[in-house]
1. Express the carbon and sulfur contribution to the solvent-accessible surface of the range 1-79 as a percent, rounded to the nearest whole number, probe 1.4 angstrom.
2. So if we plug the beta-carbon distance of Ala201 and Lys86 into 1/(1 + (r/R0)^6) with R0 = 56 Å, what FRET efficiency do we get, rounded to 0.05?
3. Relative contact order of the chain, please, whole-number percent, based on alpha carbon pairs below 8 angstrom and at least 6 residues apart.
4. Please go through the residue pairs Lys37/Lys60; Lys238/Lys293; Lys115/Lys300; Lys234/Lys293; Lys24/Lys53 and name each one whose alpha carbons sit more than 29 Å apart in this structure.
5. Read phi for every residue in the range 61-74 and hand back ³J(HN,Hα) as whole Hz from Karplus 6.51 cos²θ - 1.76 cosθ + 1.60, θ = phi - 60°, with x for Gly and Pro.
6. Counting only protein heavy atoms, what percent of the accessible surface of the range 80-137 is carbon or sulfur at a 1.4 Å probe?
7. Report, in deg cm²/dmol and to the nearest 500, the calculated mean residue ellipticity at 222 nm for the chain, where each DSSP H run with n ≥ 4 adds -39500 (n - 2.57) and the sum is divided by the residue count.
8. With everything on Cα atoms, drop me the angle between helix 221-236 and the longest principal axis of the chain, reported from 0 to 90° to the nearest 10.
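The values are calculated or read from the model by the stated rules, or taken from the named source; none is laboratory data. It should be emphasised that the depicted structure is a prediction, and the values quoted were computed from it without experimental measurement. Note that we place each Cβ from the backbone using ideal geometry, even for glycine, and neighbour counts take in every protein chain shown. Areas reflect the complete protein model, heavy atoms only, side chains present, ligands, DNA and RNA absent. Shrake-Rupley method; radii C 1.70, N 1.55, O 1.52, S 1.80 Å.
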Amino acid sequence: MEEIDIKSLKIQLQKEIENSGDLKELNDIFNRYLGKKGELTLILRSLKDLPEKERRETGKSANQAKQEIEKAIDEKRQQLQTTNHKLQTDWFDITAPGEKPVVGHLHPLTQSKRKVEEIFQTMGFSVVEGPEMENEWYNFDALNIPKDHPARDLWDTFYLGNGLLLRTHTSPSQVRFMEKNNPPLRIIVPGTCYRHEATDASHESQLYQVEGLMVDKEVSAANFKAILGEFFRKFFNKNVKFRIRPDFFPFTEPSFDISISCIVCNGKGCSVCKEGGWLEVAGAGMVHPNVFKNAGLNPKDWQGWAFGIGLERLTMLKYKINDIRLFRSGDLRFLQQF
Ligand code: DAH
């Protein structure tokens with residue numbers, strides 16, 4: 001056997017190994033050359049018939065070729081196995097729809113608050129804030145609710161000691177703002193209030209209010225009614241019927257109770273409006289002269305109206321929610337609906 005044959009056989013084989021595309025092809029190559037009746041096997045087997053000198057030389061190169069080829073086949077096998085494995089585990093379907101990342105959203109009360117702010121801002125009102133921890137002067141006395149006056153019972157208060165308390169309404173912000181700013185002015189004050197009361201489907205000890213205040217040389221209840229109507233229309237996205245009835249608040253004279261025709265039953269009467277057809281959503285009135293005085297303004301120079309709206313109440317009506325406690329329950333099944 002010529003050495004040149006072994007060499008060309010080796011080159012030919014290496015090419016085939018290199019080009020083999022899968023394990024089966026590679027196995028065939030192995031069998032063809034190194035199997036029982038393989039070409040190289042036959043060469044090696046025929047060595048014994050060769051003369052001494054030739055046997056030694058051919059034997060050496062044939063054995064070497066065998067080792068090299070076995071090694072090449074081994075390497076190729078490993079390579080094929082890993083790519084095969086990769087193909088099976090690493091593939092992905094580029095036509096499959098992507099996974100949606102979970103994104104949060106604003107709490108329904110925050111959405112409402114922002115909507116209220118936006119509506120009043122378009123009507124020239126500024127949005128301001130006041131402290132949640134108040135003192136008795138701003139929460140009561142300045143608003144014409146003297147100590148030991150029975151009107152204080154209207155607000156069940158969390159007292160913190162040292163004359164401090166958690167504000168029971170946003171009205172103290174009226175006085176705080178008028179002390180520092182000269183009329184004419186138009187503001188709304190959204191914020192959290194606290195009441196020491198038993199909770200039920202329409203009462204919570206923590207609640208949101210939006211205070212409104214407009215002060216100028218001449219402002220009237222008619223002016224208030226127009227702005228309120230515009231607000232309701234924009235907030236509920238439709239014409240809502242509302243009514244203004246006499247009420248009592250120490251800080252307004254006259255005082256109003258604002259109710260809207262029940263959105264759930266269109267005023268016909270249902271469980272939400274307790275069959276009455278109307279729902280109370282706000283208190284309001286013409287700013288009391290004593291409040292102007294307490295804020296350092298002369299009541300002879302200025303007129304104003306004010307209101308306080310319950311934000312939970314408005315939101316419950318807008319979305320037909322029947323229990324105020326759901327808002328702060330942290331229940332995702334509730335929150336995800338908005
Ligand atoms: N502060 C009142 C409350 O919490 C609501 C209110 C009534 C606010 C009349 C006002 C107002 O500004 O004029 O019940």
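1. Reported share for carbon and sulfur atoms: 48 percent.
2. Details: r = 60 Å, r/R0 = 1.08.
Result of the calculation: an efficiency of 0.40.
3. Relative contact order comes out at 14 percent.
4. From Lys37/Lys60; Lys238/Lys293; Lys115/Lys300; Lys234/Lys293; Lys24/Lys53, over 29 Å: Lys238/Lys293; Lys115/Lys300; Lys234/Lys293; Lys24/Lys53.
5. Whole-Hz 3J(HN,Hα) from phi for the range 61-74: 6, 5, 5, 4, 4, 4, 4, 4, 5, 4, 5, 4, 5, 4.
6. On the way: 2490 of 4450 Å².
It is 56 percent, rounded to a whole number.
7. Numbers: 11 runs with 139 residues, N = 338.
Here the helix-only value at 222 nm equals -13000 deg cm²/dmol.
8. Orientation of helix 221-236: about 20 degrees from the principal axis.
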